[in-house]
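Right, one structure below, let's go through it.
The values are calculated or read from the model by the stated rules, or taken from the named source; none is laboratory data. None of the values given here were measured: they were computed from a predicted structure. Note that we place each Cβ from the backbone using ideal geometry, even for glycine, and neighbour counts take in every protein chain shown. Surface accessibility is based on the protein's heavy atoms, side chains included, excluding ligands, DNA and RNA. Shrake-Rupley method; radii C 1.70, N 1.55, O 1.52, S 1.80 Å.
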Amino acid sequence: MAPVADHAAAVLTIDLGAVVANWQLLRERLRPGASLGAAVKANAYGLGAREVTAALAAAGCRSFFVATIEEGIEVRAVLAGASEAAVPATAAIYVLNGLLPGADEALIAHGLTPVLNSLGDIEAWSAVARRREARLPAALHIDTGMARLGLPADELACLVQDPDRLAGVAPVLVMSHLACADQPEHPLNEGQRQAFAEAFDALAPVLAPARPQASLANSAGIFLGSSYHFDLARPGAALYGVQPLAGGPNPMRPVVTLRARILQVRTVAPPKTVGYGATYAVAQPSRIATVAVGYADGYLRSLSNRGRATVGAFEVPLVGRVSMDLITVDVSAVPAEIACPGAFVELIGAAKTVDAVAARAGTIGYEILTALGSRYARVYRAADAPQR
Ligand SMILES: *Cc1c(COP(=O)(O)O)cnc(C)c1O
């Protein structure tokens with residue numbers, strides 16, 4: 001473990017070696033010829049876009065997906081900083097949010113590829129290309145069932161009938177997004193796969209001789225089988241250790257460890273209660289440890305009276321409400337020399353997976369990760385460091 005400040009109240013350890021191992025594991029699952037990108041939006045799901053992008057680029061990743069231009073600028077800066085031999089300037093950064101008015105300057109200046117989500121986006125990007133007398137790369141997003149972003153069927157039909165709408169636009173990627181990939185039995189998966197394949201086939205003659213990549217699968221989509229892989233898969237969550245499909249063992253390596261220190265331990269006896277709202281009444285004299293993490297750190301308030309932590313080898317329950325900076329855990333079963341002020345309590349880690357924490361909080365691993373706060377001392381375990 002890399003050293004952290006002695007006074008750090010809570011430490012978030014991010015294992016970049018595990019991120020890279022997860023990326024490689026997913027790549028091995030792909031059909032031959034398909035390549036693997038990475039979703040690094042939302043600060044790489046809260047884990048640090050800079051560090052994650054650098055590690056994945058070094059591992060060979062050449063397609064990155066972000067939500068916003070600001071995220072794209074950060075990722076481009078990382079790729080530009082990496083040595084030219086390792087990361088060609090051609091590494092693509094796709095901006096999923098599409099084309100907001102006035103975005104063209106920044107997109108072009110930073111080598112970001114917009115994901116065009118509508119005929120309106122296409123028209124606007126084509127106008128930019130004409131104005132600049134340039135051919136501008138873009139991704140085309142087809143909506144096959146998500147009803148969120150992307151060209152719906154009628155807009156796709158318009159485009160196929162009138163390909164001049166793409167004048168000046170060089171589509172390098174045609175993509176769609178699965179709504180239910182984490183439920184392999186869901187009929188929408190196959191419906192979306194077929195709709196996407198048909199959309200791609202309809203576009204291919206329009207776009208020829210260019211042959212853009214086709215991309216459908218997110219993390220879970222990779223596990224639906226090779227017919228979902230097309231040319232490029234774009235996982236996010238699984239890279240960061242979230243289980244791609246519910247049920248069975250998680251094939252991904254855990255990435256995140258979250259530990260916070262005990263600040264105080266006190267004995268609380270009936271009829272006393274613990275914390276805001278007096279929601280937890282002790283049934284017998286109990287040793288209650290106050291721990292330095294709270295909802296301001298992204299430790300969700302819905303874990304009040306539901307969370308679990310580990311102290312040494314002991315599993316302990318969270319009692320009372322999660323407050324802004326603090327939680328309280330019942331350490332009655334833990335020897336006093338182990339559960340003492342200054343000792344670390346583990347909240348996420350090998351014993352408490354992100355998915356398990358999410359289940360207790362009534363949410364998904366994605367939200368647990370992206371909520372991870374900015375107050376933690378962050379420790380990155382290097383991708384090439386020996387594993388312990
Ligand atoms: C976030 C996102 C992904 C990655 O999804 P995961 O489920 O995290 O693998 C892929 N494609 C699009 C369009 C996304 O928004």
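Values for this structure:
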| item | result |
| --- | --- |
| DSSP-assigned coil residues among GluC sites (Glu not before Pro) in the range 119-157, each with at most 12 further Cβ atoms within 10 Å | 133 |
| Given charges at beta-carbon only (K, R positive; D, E negative), |dipole| of the chain in Debye | 1160 |
| Cβ crowding within 10 Å averaged over residues, with 175-181, 371-377 ranked highest first | 175-181, 371-377 |
| Overall form of the range 256-352 per C-alpha gyration tensor (a/c, 1.5; a/b vs b/c) | oblate |
| For residue 379, distant residues with modelled amide H under 5 Å away | 12, 13, 14 |
| Candidates 281, 109, 237, ranked by Gaussian network fluctuation over the chain, Cα under 10 Å, top entry | 109 |
| Mean ellipticity per residue at 222 nm, deg cm²/dmol - from DSSP H runs of n ≥ 4 across the chain, formula -39500 (n - 2.57) | -8500 deg cm²/dmol |
| Dipole moment magnitude, nearest 20 debye, the range 16-240 about Cα centre, only Lys, Arg, Asp, Glu C-beta charged | 520 |
| Separation in nanometres of the label points that stand 7 Å from Cα toward Cβ, at residue 364 and residue 263 | 3.4 |
| Dipole of the chain, positive end: most advanced residue of 49, 298, 243 [Cβ charges, Cα centre] | 298 |
| Fluctuation leader among 57, 238, 167 - the chain, Gaussian network, Cα springs under 10 angstrom | 167 |
| Under-5 Å amide H pairs with residue 263, H placed in peptide plane, nonlocal only | 290, 291, 292, 342 |
| Difference of contour (0.36 nm per residue) and Cα-Cα distance, residue 50 to residue 162 | 36.2 nm |
| Gaussian network model of the chain, springs between alpha carbon atoms under 10 Å - residue of 358, 134, 197 with greatest fluctuation | 134 |
| Cα-based helix-to-principal-axis angle, 49-59 vs the chain, degrees rounded to 10 | 60 |
| Under-5 Å amide H pairs with residue 143, H placed in peptide plane, nonlocal only | 151 |
| Separation in nanometres of the label points that stand 7 Å from Cα toward Cβ, at residue 378 and residue 201 | 4.5 |
| Per residue, in Å², the accessible surface of the chain once ligands and nucleic acids are set aside, probe 1.4 Å | 44 |
| Charge dipole (the range 256-352, unit charges on Cβ, about Cα centre) - positive-most of 256, 341, 309 | 309 |
| 3J(HN,Hα) from dihedral phi, the range 271-276, Karplus parametrisation 6.51/-1.76/1.60, rounded to Hz, x for glycine, proline | x, 6, 10, 10, x, 4 |
| DSSP bridge orientation in the chain - percent antiparallel, rounded to nearest 5 | 50 |
| In degrees, nearest ten, helix 16-29 long axis to first principal axis of the chain (Cα) | 50 |
| Separation of the residue 28 and residue 82 label points, Cα + 7 Å toward Cβ, nm | 2.1 |
| Net charge dipole size for the range 249-317 [Lys, Arg +1 and Asp, Glu -1 on Cβ; Debye, nearest 20] | 60 |
| Accessible surface of the chain [probe 1.4 Å, protein heavy atoms]: carbon and sulfur percent | 55 |
